[in-house]
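Note sheet for the following structure.
The values are calculated or read from the model by the stated rules, or taken from the named source; none is laboratory data. Being a predicted model, the structure only gives us computed values, none of them experimental. Here Cβ is always computed from backbone atoms with ideal geometry, including for glycine, and neighbour counts include all displayed protein chains.
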Amino acid sequence: MKFKRASGTLVHPTSFPSAYGIGDLGPAAYRFMDFLQETDQCIWQVLPLGPTGYGNSPYASYSAFAGNHYLISPDVLVSKGMLTQAEADQAKRTVTTNVDYDQAYSSKEELFKIASERFYAIQNGNKNESFEMFKANNSYWLDDYVLFIACLEAHGKQPWTTWDKDLARRNKKAIATWSKKLAKEIDYHYWLQFEFFTQWMALKAYANSKDIQVIGDIPIFVDHNSSDVWSHPTYFEIDKDGNRMLVAGVPPDYFSATGQLWGNPLYKWKALEKDNFSWWIERFRQMFVMYDAIRVDHFRGFDAYWEVKAEAETAMYGRWVKGPGKKLFQTIRDVLGDVPIIAEDLGVITPEVVDLRDSFNFPGMKILQFALSGDAANSFLPHNYETSNCVVYTGTHDNDTTQGWYASAPEVEKHWAREYTRSDGKQIHIELIRLGMMSAADMAIFPLQDFMGLGNEHRMNLPGTTENNWAWRYTEEMLNRVDVPYIKHLVGISNRNTRVRQYDTNIVELETSTAN
């Protein structure tokens, strides 16, 4: 599907300001939509929104379908009368530039249990039509998920492979026993998912009302300790006890000399194909309810993926194995239509991966931090873009901020950055944003940290590490300091305002004010 020429911002909801220790879907999220409109941007890109496990990574979720209930806003619950202001105030903390996951989880859990009890009490035995419709529409994944997460909590969040063998293997009698035993907890998680999706869809509707399209992110792999693997064991490379046999990763690359050992169980693609890829169809169907478009993470893995034995200590010694390729995406197109997909085509890209991407007209990604290597033929340099059907970024969630990258870059990269942008490098974040805006790429998307000109300490993730990731947040004051007129100016002169194609031509005044 062809995307319109536009620009946008990458920021995850956990990064929003909030008094509850973690960003959420409350007032600050709506304020950010207003910011996008003020700057004439039309895209908001997020990371995966699933419930996170150990390490809080959005790419390691307890479910490929469920929402992260810690993104539920207590302020929205107050507005609905499901919490009192006094109850919410007790959970508030000082807003900082880091997510306090432990504090946020404990304080929000107390509030959510109060709100959940009130929700069910209000029903007084009667059925809530919206709630019942939500459960019916999402039964493919929801019933398994709420039982899984209730059992997980009952077992101290220990992996499902350590549970009683009958429960781990989903024996019908064990399922019935635990469903009855944990009925209250299961009802709680039904409500959490209902409330998450209610708040998320309201926020998405607000964004769409301002002509802002929301781009989601779908990881290719799922976490081993997830509802998906527990409920669909025949689709994954695990043994009869659920233990991983073959796992995912990537060989040595830009980010790691020993590769990245992700540890996700690999798919049994023949079993999935035999079932007409039904699990993937339902997954994409769910994503296109939540988002207007989807970035498919590790796209090259659908052509060929790096297979590593589960007992390996690094990803160095593995092998490339052919993936489902065109069969999967043709099936998705046959069932769901010509869906808007962005291919994350970074890493080891072969002609076969390019062919898979281009066969379905999926735009690929161009990273400007990777462009300035000293090679004029570098494919990430804007003058080498062979088509406008791509998305340009300064960096992604896995990159350093642009200021942080420049501060630690080799001198040859700094030199090229200055030469290519014809600048002194002091405002390199603005220079690379301008470069991306002016490129031929249909979409130009930039991390919010780069609009703010932030350094290395505001990085979101460092691949290959497990500490201090996914914790960055901004404050309202930081957003207020962003140069809105200049961003709007860049959007205008690069013809990326999809709302109005008429722009202020007083360029000299704008550039002078920005320089000052």
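What to note about this one:
- Complete set of residues in segment 246-272 that are farther than 18 Å from S227 by Cα, of a type outside the set (S, T, Y), assigned to a loop (DSSP other than H, G, I, E, B) and touching a residue at least 40 places away in the same chain (Cβ under 8 Å): P251, P252, D253, F255, G259
- Leading residue by the ranking (surrounded by the fewest Cβ atoms within 10 Å (Cβ to Cβ)) among those in segment 360-382 that are part of a loop (DSSP other than H, G, I, E, B) and touching a helix residue (DSSP H, G or I) at 6+ places or on another chain (Cβ under 7 Å): A377
- Residues that are surrounded by fewer than 19 Cβ atoms within 10 Å (Cβ to Cβ) and under 18 Å from Q330 (Cα atoms) within segment 298-309 comprise just one, A304.
- Residues in segment 99-116 that are farther than 14 Å from Y188 by Cα and in a helix (DSSP H, G or I): Y101, D102, Q103, A104, Y105, S106, S107.
- Segment 445-495 - residue that is over 25 Å from E38 (Cα atoms) and among the small types (G, A, S) and, of those, surrounded by the most Cβ atoms within 10 Å (Cβ to Cβ): A471
- Residue check for V289: modelled with pLDDT of 95 or more, in contact with a strand residue (DSSP E or B) (Cβ under 6 Å, 6 or more places away or on another chain), among the β-branched types (V, I, T) and outside any loop (DSSP other than H, G, I, E, B): no
- Just one of the listed residues (A104, A91) is surrounded by 19 or more Cβ atoms within 10 Å (Cβ to Cβ), over 30 Å from H224 (Cα atoms) and modelled with pLDDT under 95, and it is A91.
- Within segment 117-222, helices (runs of 4 or more DSSP H) holding 2 or more residues that are more than 26 Å from K80 (Cα to Cα) and without any contact (Cβ under 8 Å) to a residue 60 or more places away in the chain: 139-154, 165-168, 172-181
- Against the numbered list (1) under 24 Å from S15 (Cβ atoms); (2) part of a helix (DSSP H, G or I); (3) of a type in the set (S, T, N, Q), T96 comes up short only at (2).
- Among the residues making up segment 191-213, a single one is β-branched (V, I, T) and buried (at least 21 other Cβ atoms within 10 Å of the Cβ): I212.
- Residues (part of a helix (DSSP H, G or I) and modelled with pLDDT under 95) located in segment 7-55: Y54, G55
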